[in-house]
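Read the figures in this text as sums done on the coordinates, not as results from a lab. All values reported here derive from a predicted model rather than from experimental measurement. Here the Cβ positions follow ideal geometry from the backbone for every residue, glycine too, while neighbour counts run over all protein chains shown.
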Amino acid sequence: MSDLLAFVQLGVRHILDVEAVDHILFLVALAAIYRPRDWRAALWVVSAFTVGHSVTLALAVTGVVRFPGRVVEFLIPVTIVATAIANVARGRRGVGVHGGRRRAVRALLAGAFGLVHGAGFANYLRDVFVDRVALPLFGFNVGIEIGQVVVLVAAFAALALLDRAIAVARRGVGDALPWRVVGVSAAVAVVAARWAVERAPW
């Protein structure tokens, strides 16, 4: 049990570590389109992201697939930029995330992008999984999910404050959400695009 808890703690620390800021920024990009009351939909999408990165993490640490580190580190910010651009497009159209099809598409994209992020986690963990795989992999993924929920809660709190500030600035005229979605997503896209340029493997 203590070994399991150790790997859970490792997962939590990894997602909350300053070195994992690209993963945190991706979670912010995922959350940017939701209101706090939409937390179930956001959690569903983040869980799809977890499933995606769990698949590639398992494949990588068991030696089934080996991903080139430089390419993975480049693709991670590309997934952030793609998510942010999708947010901006939706924000400009008035924002809509409640339709079943839209939710499903967003979850599928998060899962697909999770495959890329899982390869990044694998580069960090490959030396940790020496003899055993199942217990460390399970514990680390549980820790990652806990850390992601913490990031999601913090993001929702910050976004709610931003909504209030926008509403005050606009004197309560119109919905603050589209403005917030476009503003936050554009800022995230600029930061991630810079990372992508800096990490370009060519």
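In a fully extended conformation the segment linking VAL21 and LEU5 would gain 3.4 nm over its present Cα-Cα distance, using 0.36 nm per residue.
For the chain, modelled as a GNM whose springs connect Cα atoms under 10 angstrom apart, the maximal fluctuation among ALA169, ALA157, ALA32 occurs at ALA169. Computed over the chain with a Gaussian network model linking Cα atoms closer than 10 Å, the most mobile of LEU75, LEU161, LEU59 is LEU161.
When only the Cβ of Lys, Arg, Asp and Glu is charged (+1, +1, -1, -1), the dipole of the chain relative to its Cα centre reaches about 1020 debye.
In a DSSP loop and with at most 11 other Cβ atoms within 10 Å, there are no chymotrypsin sites (Phe, Trp or Tyr not before Pro) in the stretch 1-95. In percent, rounded to a whole number, the relative contact order of the chain is 43, using alpha-carbon pairs under 8 Å and six or more apart.
Of the residues HIS117, HIS14, HIS53, the one that moves most in a GNM of the chain with alpha-carbon contacts below 10 Å is HIS14.
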